[in-house]
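Trainee: To start, I am sharing the structure in question, which I have written as C-alpha cells.
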Amino acid sequence: EHIRHIEEVCALLHEANFKLNVDKCEIARTEILFLGHVIKAGTIKPDPDNIRGLTETHEPTSAEEAFRFVKAAEYYRKFIPK
C-alpha cells in the first residue's frame, strides 16, 4: 500500500511538472524529522533537541526573558497530553 501511495504522489508531482531533489528525499522511512518535529506512525512530536533548550534554560531574571520563555513553552503546550 505504501508503494502505491508513493507512485500516486510521484504521478501527481510529475503532472504538475514538479521536480524532486533525490538527495533531500526520504522515502519508505518509518520516522522523519521535519521542520523541528519528529513524525512517526501517525504521531507528531517536537524534536527532543528543541525541547532540551527549553527544559535546560536558566530561570528568567527579567520580564523580557520570562515573556520569551512563556511564549516558547506555549508553543509546545499542544504536545502535552491532557
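Trainee: For the range 56-82, enumerate the residues that are in a helix (DSSP H, G or I) and either β-branched (Val, Ile, Thr) or touching a residue at least 60 places away in the same chain (Cβ under 8 Å) (or both).
Mentor: Val70
Trainee: Quick check: is even one residue across the range 43-65 on the phi > 0 side of the Ramachandran plot, loosely packed, with under 10 Cβ neighbours inside 10 Å and modelled with pLDDT of 90 or more?
Mentor: no
Trainee: What do you reckon, is Ile80 on the phi < 0 side of the Ramachandran plot, surrounded by 10 or more Cβ atoms within 10 Å (Cβ to Cβ) and within 23 Å of the chain's Cα centre (by Cα)? Before you say what the answer is, go through the steps one by one.
Mentor: Working: on the phi < 0 side of the Ramachandran plot: yes; surrounded by 10 or more Cβ atoms within 10 Å (Cβ to Cβ): no; within 23 Å of the chain's Cα centre (by Cα): yes.
No: the conditions fail for Ile80.
The values are calculated or read from the model by the stated rules, or taken from the named source; none is laboratory data. The structure presented is a predicted model; accordingly, all values stated were derived computationally and were not measured. Backbone-built Cβ (ideal geometry, glycine too); neighbour counts: all protein chains shown.
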